[in-house]
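The values are calculated or read from the model by the stated rules, or taken from the named source; none is laboratory data. Here the structure is a predicted model, which means the values were calculated and not measured. FYI the Cβ positions are ideal-geometry reconstructions off the backbone, even for glycines, and counts take in every protein chain you see. Ligands, DNA and RNA are stripped out before the accessible areas are found, and what is left, the full protein with its side chains, is counted by its heavy atoms. Shrake-Rupley method; radii C 1.70, N 1.55, O 1.52, S 1.80 Å.
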Amino acid sequence: MKRRSWGLVFLNALEGIAYGLRTQRNVRVHTGVAILMCAAGFFFHISRTDWMFVLTAVFMVLVTELMNTAVEAAVDLAQPDIHPLAKAAKDTAAGAVLLAAVFAVIIGCIVFLKPVLAWLRVLLG
Ligand SMILES: Nc1ncnc2c1ncn2[C@@H]1O[C@H](COP(=O)(O)OP(=O)(O)OP(=O)(O)O)[C@@H](O)[C@H]1O
């Protein structure tokens, strides 16, 4: 196969992200949550260390979501019929997303619970 230019490699990767956003509701939901978490980070002026954890959590969820989409597409192409290995592949990929999401929830609670409660206290007098 002909070697692709860097520009084309980048374009194909963007097409992959666009495919995930277009076809997978979960990718769209997690992207929305990621944007909210980043907005909250700016709103509450979280520390550099907190940003590192928040960004790690956010990117882990988005990366595993896209890998899950890739696994689903590859499995559906290779094995459209019911097969235990097709189930194992899809369930394992979904498990990776679940673990990343649990990590993101834990990080979200550790970073945002305190500032959100303090903000609510001020807001409610
Ligand atoms: N070819 C297959 N053979 C056996 N089990 C399958 C197969 N395809 C899907 N499954 C089972 O059904 C579940 C749902 O599969 P599906 O392809 O609908 O993915 P999904 O997780 O619902 O993805 P989406 O995010 O697109 O809704 C899988 O997690 C797996 O347990």
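Points to keep in mind about this one:
- Where only DSSP H runs of four or more residues are counted, the chain gives -31000 deg cm²/dmol as its mean residue ellipticity at 222 nm, each run worth -39500 (n - 2.57).
- Lys/Arg +1, Asp/Glu -1 at C-beta; the chain dipole; positive extreme among Phe10, Pro84, Cys109: Phe10
- With the gyration tensor restricted to C-alpha atoms of region 1-88, the semi-axes of the equivalent ellipsoid amount to 31, 19, 11 Å, longest first.
- With Cα atoms, 0 to 90° folded angle of helix 25-43 axis to the chain main axis: 30 degrees
- Taking θ as phi - 60° and the Karplus parameters 6.51, -1.76 and 1.60, the scalar couplings of region 111-116 work out to 7, 9, 4, 4, x, 5 Hz in sequence order, x denoting glycine and proline.
- Only Lys, Arg, Asp and Glu carry charge here, each on its Cβ (+1 for the first two, -1 for the last two); on that basis the chain has a dipole of about 300 debye about its Cα centre.
- Once the Cα atoms are used to define both axes, helix 6-23 deviates from the longest principal axis of the chain by about 80 degrees.
- Amide N of region 47-69 lying under 15 Å from the label point, which is placed 7 angstrom from the Cα of Val29 along Cα→Cβ: 61-62, 65-66, 69
- Residue ranking by accessible heavy-atom surface, 1.4 Å probe, largest first, among Phe53, Phe10, Phe103 comes out as Phe10, Phe53, Phe103.
- Trypsin sites (Lys or Arg not before Pro) restricted to DSSP loop in region 1-55 with at most 14 other C-beta within 10 Å: Lys2, Arg3, Arg4
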